[in-house]
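The values are calculated or read from the model by the stated rules, or taken from the named source; none is laboratory data. On a predicted model such as this, the values are computed, not experimentally measured, just so you know. All Cβ positions, even for glycine, are placed from backbone atoms using ideal geometry, and neighbour counts span all protein chains on display.
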Amino acid sequence: MDAARLIEVTRHALARAGAVEDIVVEAWQAQALAEAVGSHLAAHGPFEVRAAARGLSEAGGRASGALCRIALRAGGLRAAQLGEVRDPWSALTDLGDLLGEVGIALVGVACACEEDAVYWQCIEAIDAADETSDRISGLLRRLTLRERGGAA
């Protein structure tokens, strides 16, 4: 499945998520998707962005490690369905937007929750989404430089 479609599916799932656990699961789904997109671009993307794409994959992977147990209960990782990234610029832009939405949803959960464990899980997920967003911004800069013919 194309990255754009998986990002859209995750965006809709996040919008439908009402329970705290569902929001957290979608946050980790987004991180796993960032890992998968990064890995795909590291292997198949333009040469100039491959190193930065590995960094995106690593950032998503560090954050999505906690997802394995939750994902099994939620039906598995959507990111495992990634087959291609047809338009890297659009995919990265949309993924960055999704991570912004994830951050907003997690702030709402963190502010409203009464359990320390859930609060800290949300804080961890917010930090992960922020780091991953930074990696996406770096990749987008490299793609822009590549299009302009400059060095990354």
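General observations
- Answer residue from segment 94-105, given it is of a type outside the set (D, E, K, R) and surrounded by 18 or more Cβ atoms within 10 Å (Cβ to Cβ) and is nearest to Gly45 (Cα to Cα) among those: Leu95
- Output for segment 74-96, where each listed residue is in contact (Cβ under 8 Å) with a residue 60 or more places away in the chain and assigned to a helix (DSSP H, G or I): Arg78, Ala79, Gln81, Ser90, Ala91, Asp94, Leu95
- Single condition Thr144 does not satisfy, out of (1) touching a residue at least 12 places away in the same chain (Cβ under 8 Å); (2) in a helix (DSSP H, G or I): (1)
- Unique match (being surrounded by 16 or more Cβ atoms within 10 Å (Cβ to Cβ), out of contact with any strand residue (DSSP E or B) (no Cβ under 7 Å at 6 or more places or on another chain) and under 14 Å from Gly61 (Cβ atoms)) among Ala13, Ala42: Ala42
- Check on Glu48, in contact with a helix residue (DSSP H, G or I) (Cβ under 9 Å, 6 or more places away or on another chain), surrounded by fewer than 22 Cβ atoms within 10 Å (Cβ to Cβ), part of a helix (DSSP H, G or I) and modelled with pLDDT under 90: yes
- Residues of segment 113-123 that turn out to be in a helix (DSSP H, G or I) and without any contact (Cβ under 8 Å) to a residue 24 or more places away in the chain, as a count: 5
- Count of residues meeting criterion [at pLDDT below 90 and either buried (at least 21 other Cβ atoms within 10 Å of the Cβ) or closer than 16 Å to Gln31 by Cα (or both)] in segment 106-125: 5
- Close pairs from segment 6-27: first under 23 Å from Val85 (Cβ atoms), partner buried (at least 19 other Cβ atoms within 10 Å of the Cβ) and of a type in the set (Ser, Thr, Tyr), Cβ under 8 Å, at least 6 apart: Glu26/Thr10
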